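All remarks here apply to the structure that follows.
The values are calculated or read from the model by the stated rules, or taken from the named source; none is laboratory data. Given the structure is predicted, the values throughout are model-derived calculations rather than measurements. Cβ placement follows ideal geometry from the backbone for every residue including glycine, while neighbour counts extend to all protein chains displayed. Each accessible area value is taken on the protein alone, full model and side chains, heavy atoms only, with ligands, DNA and RNA left out. Shrake-Rupley method; radii C 1.70, N 1.55, O 1.52, S 1.80 Å.
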Amino acid sequence: MTANSTSAPTAGAVQDLLPEIHQISDEGLREAVTGIWLRAWRSSVWERLEDVPKSPDLPVWRTLTVHSRSVARIAVQMADTVRELHQVAVDRDVTLAIALLHDVCKLHEFEPGSDGGARFSRTGRMYQHGFLGAHWMLEAGLEEDLVHAVIAHTPHSSVVPRTQEAVLVHYADFADSDVQLLDAGQRLFCKRRS
Ligand SMILES: [Fe+2]
């Protein structure tokens, strides 16, 4: 973990680290995404949001906030492409919101490790990946389709993506994860069977 100045958990700090939130046009959805990240951060062990890692399998400088930003950008670019070329209805706001929220549960699933890296927390071992984020989304009153997409995004889930937005975020997450895993010499998600 880095030991620079600690940014207090505020909505502004969340939006500074996840500026793609500003691309969500619906004010209520924008506030809900910000509020869920803030809730997760305030109730977590992480002082600095920018210190939360993408994965214990990757170098610590591969962070969750940058992964979330990248998945949001990749997913919304895919949404714009398939809407234009395939004439399928894909909601930009929904795509951005679920991309930004798909891994927010990792704030509780990971904790700082003794080696300066990160490890799975007890919560991370007790709950299926994605569950806590979906729970917070339900608490915030988000619609079933958005909650579904977060439940379905992980290969650990038996739920298959059933909306266009859920499909796109699923593959955007794989693409961004595999780019980072390949760079680190790790096994790719696309070749894992469990
Ligand atoms: Fe992810």
Here the residues within segment 7-50 that are of a type in the set (S, T, N, Q), part of a helix (DSSP H, G or I) and open to solvent by 20 Å² or more (accessible area, probe 1.4 Å) are Gln15, Gln23
- Task: Please work out if Thr154 is within 15 Å of Thr95 (Cα to Cα) and among the hydroxyl-bearing types (Ser, Thr, Tyr).
- Result: no
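Of these, Val159, Val150, Val167, which one is of a type in the set (Val, Ile, Thr) and within 12 Å of the ligand (Cβ to nearest atom)?
Values: Val159 fails: within 12 Å of the ligand (Cβ to nearest atom); Val167 fails: within 12 Å of the ligand (Cβ to nearest atom).
Just a single option satisfies the conditions, and that option is Val150.
Being under 17 Å from the mean Cα position of the chain (by Cα), within 15 Å of the ligand (Cβ to nearest atom) and open to solvent by 30 Å² or more (accessible area, probe 1.4 Å), is that true of even one residue in segment 185-194?
So far as segment 185-194 goes, yes, one or more of its residues are under 17 Å from the mean Cα position of the chain (by Cα), within 15 Å of the ligand (Cβ to nearest atom) and open to solvent by 30 Å² or more (accessible area, probe 1.4 Å).
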Within segment 77-111, residues in a helix (DSSP H, G or I), farther than 19 Å from Ser43 by Cα and open to solvent by 10 Å² or more (accessible area, probe 1.4 Å) come out as Gln77, Met78, Asp80, Thr81, Val82, Arg83, Glu84, Leu85, His86, Arg92, Asp93, Val94
A careful count of residues in segment 53-72 that are more than 12 Å from the ligand (Cβ to nearest atom) and either closer than 13 Å to Leu101 by Cα or of a type in the set (A, V, I, L, M) (or both) gives 1
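If you check Val45, Val33, which single one turns out to be among the aliphatic types (A, V, I, L, M) and more than 16 Å from the ligand (Cβ to nearest atom)?
Values: Val33 fails: more than 16 Å from the ligand (Cβ to nearest atom).
Just a single option satisfies the conditions, and that option is Val45.
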